[in-house]
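Here's the structure we're looking at; comments come further down.
The numbers here are math on the coordinates, done by the rules we state, and not lab data. Everything quoted here is computed from the prediction, not taken from an experiment. As a convention, Cβ positions derive from the backbone with ideal geometry for all residues, glycine included, and neighbour counts pool all protein chains shown.
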Amino acid sequence: MLATLTIVLPVFLVVGAGYLAVYFKAFREDHADGLMRFTQTFAIPGLLFAAVANLDLAAVFKPDILLPFYIGSGTSFFLGMVGARVIFKRRPGESVAVGFSCLYANSLLLGLPIIERAYGADSLEPVYAIVAIHAPFSYILGITVMELVRADGRRLDQTILVVLKAIFSNGLMIGLLLGFAVNLSGMALPDTLSSAVNMLARAALPAALFGLGGILVRYGLRHNLGEVAMITVIKLGLHPLIALILGYYVFNLPMEITRVIVLTAAMSPGVNTFVFAYMYDRAKGTAASAILVGTIAAVVSVSLWINLLDAL
């Protein structure tokens with residue numbers, strides 16, 4: 001366990017450094033917002049562009065790689081939604097926002113650096129395949145269900161426009177789409193441009209982790225801790241368990257691929273869960289608390305998953 005913590009802890013120490021810097025006023029909260037805006041709008045899109053442009057698409061965009069993660073993700077969404085409705089007596093729209101916190105994993109900011117430290121840079125191709133459709137899958141599912149169940153839901157054509165705007169105004173999606181365009185065209189980037197993109201990409205994860213810690217300061221433990229506990233168990237426990245069962249025992253994937261999918265599924269709720277809750281003004285306190293609690297709990301749960309996967 002101690003050896004596993006040495007893999008996981010450096011990532012969370014950078015997050016913690018950002019948290020403490022903002023908490024003790026050594027780094028302003030609006031500076032953390034600016035750092036996150038830089039990483040989300042420029043650095044991480046550059047990272048995703050470079051990764052997808054050089055990705056072997058035929059090797060990683062396979063149902064047996066994607067389905068274990070996304071079946072688990074969809075199941076977690078509906079269980080979280082039903083739990084919020086039945087157990088915690090939430091209204092329909094609030095239940096969808098709670099379910100979204102069980103749906104959206106922080107596979108990019110936490111998943112990439114942890115998996116790279118655990119299994120090396122060569123293991124990341126399945127992660128990039130998952131990340132490439134993570135935002136579209138989550139927003140299409142979340143927005144569609146929200147619009148179907150809430151009393152003031154939009155018309156179908158309005159819902160489609162909201163979904164498209166949420167997806168294609170996202171810098172991450174723009175980076176991914178440009179990467180796909182370069183990959184499918186077979187175009188070779190000039191060395192100077194490639195070097196510039198790689199410089200930007202190298203700044204992405206450390207800066208994003210520090211910024212993530214900084215913005216977590218505002219997401220205090222507000223209320224609905226029962227719901228937060230449910231989200232944490234589903235997101236950190238059930239989702240990776242489903243991915244493990246489907247990947248290893250149903251689709252018979254090699255363990256070196258299965259473990260990457262499972263760890264990607266084992267990440268805590270991402271900041272987009274609060275963005276979704278804020279967008280609809282539903283269950284914002286629960287979403288914010290789930291991000292904070294899930295990120296802290298992931299220090300232990302991810303370490304346990306790495307040990308379990310190594311034992312298998």
Residues with amide H under 5 Å from that of Arg90, placed H, sequence gap 5 or more: Arg85
About the Cα centre, and with charges only on the beta carbon of Lys, Arg (+1) and Asp, Glu (-1), how big is the dipole of region 143-196? Nearest 20 debye, please. 180 debye
nm² value of the averaged projected area, convex hull over the Cα atoms of region 187-284: 10.1 nm²
Whole-number Å³ per residue for the convex hull built on Cα positions in region 64-220: 163 Å³
Residues Leu35, Leu308 arranged by fewest to most Cβ contacts within 10 Å: Leu308, Leu35
Over the Cα atoms of region 43-122, what radius of gyration and what Dmax do you get, in Å? 16.6, 48
Only helices at least 24 Å long along their axis, Cα-based, and averaging -0.5 or more on Kyte-Doolittle count here, so list those DSSP H runs from the chain. 2-23, 63-86, 125-149, 191-216, 284-311
What's the magnitude of the charge dipole for the chain around its Cα centre, counting Lys and Arg as +1 and Asp and Glu as -1 at the beta-carbon? Answer in Debye, nearest 20. 980 debye
Report the Rg/Rh value for the chain, based on alpha-carbon coordinates and the Kirkwood definition of Rh. 0.95
Give me Ile261, Ile242 sorted ascending by neighbouring Cβ count inside 10 Å, so fewest comes first. Ile242, Ile261
